[in-house]
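The values are calculated or read from the model by the stated rules, or taken from the named source; none is laboratory data. Keep in mind that this is a model prediction, so the values were computed, not measured. Using ideal geometry, Cβ is built from the backbone for each residue, glycine included, and neighbour counts are taken over all protein chains shown. Note: areas computed on protein heavy atoms with side chains; ligands, DNA, RNA excluded. Shrake-Rupley method; radii C 1.70, N 1.55, O 1.52, S 1.80 Å.
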Amino acid sequence: MTEPRDEPRIGVVTEAFASRPLTDVMDWLLQAAPSVTDLEVGAGGYAPTTHCETPLLLGDAAARQAWATEITSRGLRVAALNVWGNPLHPEESIARKHDSDLRNAIRLAALLGVDRVVALAGCPPGARGDRTPHFAGGGWLPYLESIYELQWDEWVEPYWSDLAEFAVREHPQLLVCLELHPGTAVYNVESFDRIAALGDSIAANIDPSHFFWMGMDPLAVVSAIGERAGHCHGKDVQLEKANMDVNGLLDRRWPRDPQTLPWNFAVVGRGRDAAWWKDFMAALQRESRVHTIAIEHEDPFVPPEQGVPEAADLLASAR
């Protein structure tokens, strides 16, 4: 008989408050969103590092202890370090930095006792010598055919096989949770299945908002990925049917103008109601290894000081 799992804790991706000191953000959260217990903190890549100076914390044990104590003394915990970036970027300096940031975040997670690192699979060039990333999300035209296979053989498989082995060596309990994100080599269950087969340390970060606008069912995704899901972002989408009817879901103009766009990221509960989120959180608890659903505020029309407490209240009521 399977042991019952704890219900997911509620967290916050602190990137929405990157301009404020982490201590101020935490003190505000304790008052404005008391159901929040977990933090997901940017540690490199494209993520701002104002809340986690990774090189300093790696090299200075006293600074690391002081940083951790500021968090634990408030009754909070670090659920994950976030290093979203592109270690497969054709610009070597970017790829090298994002790879180094990812590996340093894994090393730091081991020192902190944090067992989740959130990342992106990356997006390589379409051919050797290209200077820009190429998202191979379709293969129905002659100039798109077989590009994904080339990218897989040349860049994706070699890099992530090595990274998976590195993660196991540095931190055997760690899951590197790749977000299924359009614009990268992993954006749906099929592409995740392929990369997850490269190592047990590779898991999924579930973000239902991307599934909504791509036409996927997040509940079906959770069921298909199961225990390979290790982390979750709480983010919603508002769909505008009249705009979708004429322009579909693919749109180059995000995030503006809401009157004309087919969809926009939204505060949790403004796209799907509390009943849907209750079913979603129950599925995470039942089928995955997700410990935290971290509110990722990316609603372009609602300030995070309003959106995060609203989302936290809804998620707390849905547990």
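Counting only protein heavy atoms and using a 1.4 Å probe, what share of the accessible area of the range 161-248 belongs to carbon plus sulfur, as a whole percent?
Ligands and nucleic acids excluded, carbon and sulfur reach 48 percent.
Separation of the range 191-207 and the range 226-293 by C-alpha centroid, Å?
When both Cα centres are located, 20 Å separates them.
So with the 1.4 Å probe, I'd like the accessible area per residue for the chain, rounded to whole Å².
Value for the chain: 44 Å² per residue.
Scan the chain and note any complete DSSP helix (H) whose C-alpha atoms cover at least 18 Å along its axis and whose Kyte-Doolittle average is -0.5 or more.
Once both thresholds are applied, what remains is 92-112, 274-287, 304-318.
Peptides 204-213, 168-177: what's the order by average Cβ count within 10 Å, highest mean first?
204-213, 168-177
Across the chain, how large is the tail of the calculated P(r) beyond 25 Å, expressed as a percent of all Cα pairs?
50 percent
Please label the shape of the range 277-319 as rounded, prolate or oblate, based on the square roots a ≥ b ≥ c of the eigenvalues of the alpha-carbon gyration tensor (a/c under 1.5 means rounded; beyond that, a/b larger than b/c means prolate, else oblate).
prolate
What is the percent carbon and sulfur in the accessible area of the range 1-97, measuring with a 1.4 Å probe over the protein chains and ignoring ligands?
Carbon plus sulfur share of accessible area: 53 percent.
With N residues in the range 62-214, what two-decimal value do you get for its Cα radius of gyration over 2.2 N^0.38 Å?
This ratio for the range 62-214 stands at 1.12.
Grab the alpha carbons of the range 189-266, take their convex hull, and tell me the volume per residue in Å³.
For the range 189-266, the hull spanned by Cα atoms encloses 101 Å³ per residue.
At q = 0.23, 0.27, 0.28, 0.29 Å⁻¹, what base-10 log of I(q)/I(0) does the Debye formula yield for the range 160-211 when every alpha carbon is treated as an equal point scatterer in vacuo?
Normalising to I(0) and taking log10 leaves -0.81, -1.01, -1.06, -1.10.
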